[in-house]
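Asker: Please see the structure below; I have some questions.
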Amino acid sequence: MNDTLIPKRLRPGFTIIEAVVSILIVGILLASAMNLVGASRVGQTITGQRQRAHLLASELMEEIMAQPYEESGPLVLNGPEPGEQNGTRSNFDDVDDYDDWYGMPPQDRDGNGIAVVGNWSRCVKVKWVKPDNLDQLVGTESGVRLVTVEVKDGSRLLASIQSWRTVAR
């Protein structure tokens, strides 16, 4: 059959407008797919960082909880006693020695850095709490200490865990 006998508007094929619309639709779908892939990757990175931070916090908390509640002898305020402040945790021998300890980058007990990405740090707070209300801080010996370990990347909190330590295990 001769195409010259069929009117132009009945000829099969794409018009330029149909082709442009198809390209636009494919482009929008491709851009959406790329955004989803990027968001997924960011989510995986954040999840991985939080898992690593939780492991670092748990490791330090286990170390602290393995220590005796207090020094034998006269009671001192929270914090390392004289002679225990050598820049590492190697001389810490009771729970309160860890109060206000800060390590950047995260370190093992002997002060060796632990490899992490970014500007990570770990810090510890040890506070006395009321035995009948574990959320209420007190300023004197109560027989119960609240230990908080935080892991941060710069100012962004990645993990925070708490545990209570009593005189009697």
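Asker: Is there a residue in segment 68-75 that is modelled with pLDDT of 80 or more, in a helix (DSSP H, G or I) and either more than 16 Å from Ser160 (Cβ to Cβ) or not basic (Lys, Arg) (or both)?
Answerer: No.
Asker: Consider Val124 carefully, then state whether it is buried (at least 18 other Cβ atoms within 10 Å of the Cβ) and in contact with an Asp or Glu (Cβ under 8 Å, 6 or more places away or on another chain).
Answerer: When the stated conditions are applied, Val124 passes them.
Asker: Of the conditions (1) at pLDDT 85 or above; (2) in a loop (DSSP other than H, G, I, E, B), Ser90 clears all except one; give me its number.
Answerer: Going through (1) at pLDDT 85 or above; (2) in a loop (DSSP other than H, G, I, E, B) one by one, Ser90 breaks only (1).
Asker: Tell me yes or no: at least one residue of segment 95-114 is modelled with pLDDT under 85, touching a helix residue (DSSP H, G or I) at 6+ places or on another chain (Cβ under 8 Å) and surrounded by fewer than 18 Cβ atoms within 10 Å (Cβ to Cβ).
Answerer: Yes.
Asker: Pick from Gly154, Gly139, Gly143: which is open to solvent by less than 90 Å² (accessible area, probe 1.4 Å) and within 23 Å of the chain's Cα centre (by Cα)? Even if it seems obvious, please write down each step before you answer.
Answerer: Numbers: Gly139 fails: within 23 Å of the chain's Cα centre (by Cα); Gly143 fails: within 23 Å of the chain's Cα centre (by Cα).
The unique qualifying residue is Gly154.
Asker: Does Leu30 satisfy the criteria of being open to solvent by 50 Å² or more (accessible area, probe 1.4 Å) and assigned to a helix (DSSP H, G or I)? Give the steps one after another, and end with the answer.
Answerer: On the way: open to solvent by 50 Å² or more (accessible area, probe 1.4 Å): yes; assigned to a helix (DSSP H, G or I): yes.
Yes: the conditions hold for Leu30.
Asker: Would you say Val129 is within 18 Å of Tyr69 (Cβ to Cβ), under 17 Å from the mean Cα position of the chain (by Cα) and open to solvent by less than 40 Å² (accessible area, probe 1.4 Å)?
Answerer: Numbers: within 18 Å of Tyr69 (Cβ to Cβ): yes; under 17 Å from the mean Cα position of the chain (by Cα): no; open to solvent by less than 40 Å² (accessible area, probe 1.4 Å): yes.
No, not satisfied.
The values are calculated or read from the model by the stated rules, or taken from the named source; none is laboratory data. Quantities reported herein were computed from a predicted structural model and do not represent experimental measurements. Don't worry about glycine lacking a Cβ; one is built from the backbone with ideal geometry, like all the others, and counts go over all protein chains shown. To get the accessible areas, we keep the full protein, side chains included, count just its heavy atoms, and leave off ligands, DNA and RNA. Shrake-Rupley method; radii C 1.70, N 1.55, O 1.52, S 1.80 Å.
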